[in-house]
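**Q** Let me give you the structure first, and then I'll get to my questions.
The values are calculated or read from the model by the stated rules, or taken from the named source; none is laboratory data. All of these numbers come straight from a predicted model, not from anything done at the bench. Note that each Cβ is placed from the backbone with ideal geometry, even for glycine, and that neighbours are counted across all protein chains shown.
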Amino acid sequence: MPTVASEVGIDLGLTHYVVLSDGTKVTAPKFLRRTAHKLKRLQQSLSRKSPGSNRRKKAVIKVAKAHAKVADTRRDWQHKLSTTIIRDNQAVYVEDLCIAGLGRTWLAKSVHDAGWASFTAMLEYKAARYGRVFARVDRFLPSTRMCSDCGRVGDKMALNVRAWQCPCGSHHDRDVNAARNVLAAGQADNSNDRGAQVRPGLVRAPRDETVTSLSAVRSTRSSEAIAVPQNGEDVNGRNPCGTSDHRTRTCDAGGVGSTS
Ligand SMILES: [Zn+2]
């Protein structure tokens, strides 16, 4: 692929599948939801069949086929989108969401359905294949409420706030602003790797890690003064008190707030 000049930050979200820092918004196509609806009906039909019956066996096969079709359709669509993004940009930065954490919240179904993990994995390997830069901005970044023009960090925003005005006068689309912050943070990380100056106040993530930086994310998150399960939680993501719901809070701070 020929070298191009543009670099892009990506905000992964639920209202739009991805929002790019250049303002492009990509909605997940309706056919994904339609096939999901069909799947639900098949599943219900299966549950009405009596165990061991021939009708049940047939229904099981139908459900399995429908599952495979949903997965195939989504994968094809993700391939097209990721190829386009890699082709059009020399560097691609994505906010590393706590997808595992989001998956345990009320947004779980949408999150798993979105398949961001496989999508960002595609971006990553295609970037490597075509000589593009790919990096996850893998620390807590107040990407939603930070003004991408002046850097001022505002108050937390409810999920339904789609646009906002910064005291500096800039008017922001919530998701585009987040994507622009992801781009800026990614570029700062990247230039830091080459020995340049980093914006003060940003905690740099260790260079070679992309996935294993949960502890770094947590440590910065704790400064957000919210009830966050810290390192006391066990490997299952549970709190010492035995509930896993607290995770919701963790991701409210970073993931959900900044993605939707
Ligand atoms: Zn501002």
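**Q** For S143, work out the one condition from (1) within 18 Å of E7 (Cα to Cα); (2) without any contact (Cβ under 8 Å) to a residue 60 or more places away in the chain; (3) more than 9 Å from the ligand (Cβ to nearest atom) it doesn't fulfil.
**A** (2)
**Q** Let me spell it out: the conditions are (1) aliphatic (A, V, I, L, M); (2) part of a loop (DSSP other than H, G, I, E, B); (3) within 18 Å of the chain's Cα centre (by Cα), and L81 meets all of them except one. Which number is the exception?
**A** (2)
**Q** Still on this model: Taking the conditions exactly as written (away from the ligand (no atom under 16 Å from the Cβ), out of contact with any Leu (no Cβ under 6 Å at 6 or more places or on another chain) and small (G, A, S)), does G131 satisfy them or not?
**A** It is true that G131 is away from the ligand (no atom under 16 Å from the Cβ), out of contact with any Leu (no Cβ under 6 Å at 6 or more places or on another chain) and small (G, A, S).
**Q** If you don't mind, another one. Please name all residue pairs, on different chains or six or more residues apart, with Cβ atoms under 6 Å, provided the first residue is in the range 115-133 and is in contact (Cβ under 8 Å) with a residue 12 or more places away in the chain and the second residue is of a type in the set (D, E, K, R).
**A** G115/R74
**Q** Exactly one condition in (1) surrounded by fewer than 14 Cβ atoms within 10 Å (Cβ to Cβ); (2) in contact (Cβ under 8 Å) with a residue 60 or more places away in the chain is false for S53; which is it?
**A** All conditions are met except number (2).
**Q** Tell me which residues, restricted to the range 22-68, are within 30 Å of E7 (Cα to Cα) and among the basic types (K, R).
**A** K25, K30, listed by residue number.
**Q** Follow-up question, since we're still on this one. Can you name the residue in the range 146-163 that is without any contact (Cβ under 8 Å) to a residue 12 or more places away in the chain and of a type in the set (A, V, I, L, M, F, W, C) and, of all such residues, is nearest to the ligand (Cβ to nearest atom)?
**A** Filtering the range 146-163 for residues that are without any contact (Cβ under 8 Å) to a residue 12 or more places away in the chain and of a type in the set (A, V, I, L, M, F, W, C), the one nearest to the ligand (Cβ to nearest atom) comes out as V153.
**Q** Identify, by number, the condition in (1) within 16 Å of the ligand (Cβ to nearest atom); (2) polar (S, T, N, Q); (3) at pLDDT below 90 that N192 doesn't meet.
**A** (1)
**Q** Any idea which of (1) within 14 Å of the ligand (Cβ to nearest atom); (2) under 21 Å from H16 (Cα atoms) is the one A179 doesn't satisfy?
**A** Checking A179 against (1) within 14 Å of the ligand (Cβ to nearest atom); (2) under 21 Å from H16 (Cα atoms), the one that fails is (1).
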